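Undergrad: Here it is, the structure in full.
The values are calculated or read from the model by the stated rules, or taken from the named source; none is laboratory data. None of these values were measured; they are calculated from a predicted model. Every residue, glycine as well, gets a Cβ built from its backbone with ideal geometry; the counts of neighbours run over all protein chains shown. Accessible surface areas use protein heavy atoms only, side chains included; no ligands, DNA or RNA. Shrake-Rupley method; radii C 1.70, N 1.55, O 1.52, S 1.80 Å.
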Amino acid sequence: MDWIPVNDLSRALSGQADAIQEVVARVVGSGWLVQGPEHRAFQDELAAFLGVDHALGVASGTDALELALRATAPADRPVVLTAANCGGYTTTAARRAGLRVRYADVDPESLLLTAATVEAALDDTVGVVVVTHLYGRTADVAPVVELCHARGIRVVEDCAQSLGATLPAGRAGSFGDAATFSFYPTKNLGALGDGGAVATRSDEVATVVQELRQYGWTSKYTITRDGGRNSRLDELQAALLRHRLPQLEGWNARRREIIGHYADHAPASVRVLPAPDESHAGHLAVVVVEDRARLQEHLAGLGVRTDVHYPVPDHRQPAVADEYRGLTLPVTEQAADRVLSLPVFPELTDLEVERVGRALASF
Ligand SMILES: *Cc1c(COP(=O)(O)O)cnc(C)c1O
């Protein structure tokens with residue numbers, strides 16, 4: 001069968017082969033491989049794109065979360081509050097940062113945290129709230145920031161899936177105390193391997209992340225900040241990301257167009273999470289359906305691959321489930337059984353998109 005993949009990086013790579021060769025040649029010719037001019041320029045260009053003062057390259061999105069949490073968590077409040085339906089990255093990062101994790105349920109319509117779901121789960125131990133702009137949709141984060149700041153709590157936005165998403169008041173990633181990004185190859189802005197970034201308006205947060213990402217150095221060979229590590233974005237990745245960043249918004253628009261087509265063709269039993277405007281980066285085309293197994297089988301029978309983001313909520317992950325045995329998050333748990341991701345990436349052809357639309361319509 002002629003399968004339609006959920007994602008296919010080879011199409012973008014072959015389409016950009018010449019540009020990639022040129023970027024590699026430029027970096028190799030420069031003699032700089034880490035922390036050089038491409039990285040500096042990418043940091044500046046990303047910060048300008050986001051409308052914030054600082055962007056700092058790191059080695060992955062998970063590292064970005066870990067370092068952002070370490071730079072924002074108040075010393076006397078060792079708990080991070082977040083959602084449990086976002087793939088476990090914040091949980092992994094917070095535990096690496098030595099912080100405990102508490103979970104709030106999500107809004108049933110958007111499957112995102114809101115000020116109301118956060119407020120219901122806050123207590124005096126929470127020092128940082130991580131809001132994930134899941135699937136590419138910008139959460140209504142300004143009211144969360146207002147609620148949290150009034151209580152001395154910091155807010156980190158996880159923008160790994162939402163780079164380019166824009167509200168009238170600013171880009172996703174420009175609202176909280178810090179924001180984190182991933183350039184893993186399947187993200188909307190992907191590198192040729194791993195990469196990530198932390199963005200912030202705060203000079204203080206930027207300084208801490210800058211020191212932590214490179215051994216705790218304040219200057220070469222002088223370790224001033226304890227607990228540092230090595231987490232860098234190399235020149236090759238930075239140069240390729242510079243080449244791709246100006247194309248991001250066009251790619252995101254194509255992703256939204258594809259999701260819109262699915263929304264127009266889905267039957268009433270399949271709820272397509274909408275990506276109506278620029279507040280959504282179109283990272284994933286997610287539907288909510290009661291009988292997921294049946295829809296998955298129906299689509300597979302018509303050559304449409306699907307995936308689940310994410311099947312296991314954080315508080316049910318085997319590594320930590322013992323700690324959360326008493327916790328129930330009804331919306332999160334139901335969503336884990338009902339969400340299904342359809343193919344979406346900019347290089348999908350119109351014919352493929354129409355085939356997916358027809359396959360949905362015939363369910
Ligand atoms: C991909 C992703 C991450 C982690 O990024 P890596 O670069 O793979 O470490 C974090 N949060 C979300 C929501 C993601 O989708």
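Undergrad: If contacts are Cα pairs under 8 angstrom and at least 6 residues apart, what is the relative contact order of region 272-339 in percent?
TA: 37 percent
Undergrad: Oh, and also: For a Förster distance of 25 Å, can you work out the FRET efficiency between the beta-carbons of LEU13 and ARG358, rounded to the nearest 0.05?
TA: Given R0 = 25 Å and the Cβ-Cβ separation, E is 0.30.
Undergrad: Then there is this: Taking every alpha carbon pair in region 265-349, what does the distance histogram look like in 5 angstrom bins from 0, in percent?
TA: Distribution as computed: 3, 13, 19, 21, 17, 13, 9, 4, 1, 0 percent.
Undergrad: With every protein chain kept in place and ligands, DNA and RNA left out, what is the accessible area per residue of region 262-363? Probe 1.4 Å, answer in Å².
TA: So region 262-363 comes to 47 Å² accessible per residue, rounded to a whole number.
Undergrad: Still on this structure, I have one more. Just by accessible area at a 1.4 angstrom probe, what is the order of LYS220, LYS187 from largest to smallest?
TA: Descending order: LYS220, LYS187.
Undergrad: Counting pairs of Cα atoms in region 1-63, how many percent are more than 16 Å apart?
TA: 67 percent
Undergrad: Need one value: the accessible area of TRP32 in square angstrom, 1.4 angstrom probe, rounded to the nearest 10.
TA: Rounded to the nearest 10, the figure is 120 Å².
Undergrad: Project the alpha carbons of region 232-292 onto their principal axes and report the range along each, largest first, in whole Å.
TA: 48, 22, 15
Undergrad: Just the Kirkwood number for region 193-320, please: inverse of mean 1/r across all distinct Cα pairs, in Å, one decimal.
TA: Kirkwood radius, region 193-320: 19.0 Å.
Undergrad: What's the center-to-center distance, using Cα atoms, between region 101-122 and region 223-266 in Å?
TA: First find each Cα centre; the distance between them is then 26 Å.
Undergrad: Let me ask another. Please report, as a whole percent, how much of the solvent-accessible surface of the chain comes from carbon and sulfur atoms (probe radius 1.4 Å).
TA: 50 percent
Undergrad: Could you tell me the center-to-center distance, by alpha carbons, between region 286-312 and region 12-50 in angstrom?
TA: Comparing the Cα centres of region 286-312 and region 12-50, I get a distance of 37 Å.
Undergrad: Under the rule of at least 5 residues apart or a separate chain, name every residue whose amide H is placed under 5 Å from the amide H of VAL101.
TA: VAL80
Undergrad: Limiting things to C-alpha atoms, what are the Rg and the maximum Cα-Cα separation (Dmax) for region 73-124, in angstroms?
TA: 11.4, 35
Undergrad: OK, next. If I stretch the segment between LEU192 and LEU327 completely, what's the gain in nm (0.36 nm per residue apart, minus their alpha carbon distance), one decimal?
TA: Full extension of this stretch gives 44.7 nm more.
Undergrad: Can you divide the C-alpha Rg of the chain by 2.2 N^0.38 Å and report the result to two decimal places?
TA: 0.99
Undergrad: Can you work out the base-10 log of I(q)/I(0) for region 145-224 at q = 0.20 1/Å, using the Debye formula on its C-alpha atoms alone?
TA: Log-scaled intensity ratios, in q order: -0.97.
Undergrad: Amide H of ALA275 versus every other amide H placed in the peptide plane: which residues, excluding those fewer than 5 positions away on the same chain, fall under 5 Å?
TA: Residues meeting the criterion, in which the H sits 1.01 Å from N, do not exist here.
Undergrad: Report relative contact order for the chain in percent, whole number only (criteria: Cα-Cα under 8 Å, sequence separation at least 6).
TA: 22 percent
Undergrad: Where in region 305-336 does the label zone of ARG100 land, with the point 7 angstrom along Cα→C-beta and an amide N cut-off under 20 Å?
TA: Flagged as within label range: 314-329.
Undergrad: A follow-up question, please. If contacts are Cα pairs under 8 angstrom and at least 6 residues apart, what is the relative contact order of region 165-242 in percent?
TA: Here the relative contact order equals 22 percent.
Undergrad: Take each uninterrupted DSSP H stretch in the chain, measure its Cα extent along the helix axis, and return the ones at 18 Å or beyond whose mean Kyte-Doolittle hydropathy is at least -1.0.
TA: Sorted by number, the helices that extend far enough and score high enough are 17-30, 37-50.
Undergrad: Can you give the % of DSSP beta bridges in the chain that are antiparallel, to the nearest 5?
TA: Roughly 60 percent of the beta bridges in the chain run antiparallel, per DSSP.
Undergrad: Sorted by accessible area (1.4 Å probe), largest first, how do THR132, THR222 line up?
TA: THR222, THR132
Undergrad: Mind putting together the pair-distance distribution for region 91-201? All Cα pairs, 10 Å bins, whole percent per bin, short to long.
TA: 14, 46, 33, 6, 0
Undergrad: Sticking with this one: Any chance you could run the full-extension gain for ARG26 through ASN230? It's 0.36 nm times the residue separation minus the Cα-Cα distance, nm to one decimal.
TA: Answer, rounded to one decimal: 70.9 nm.
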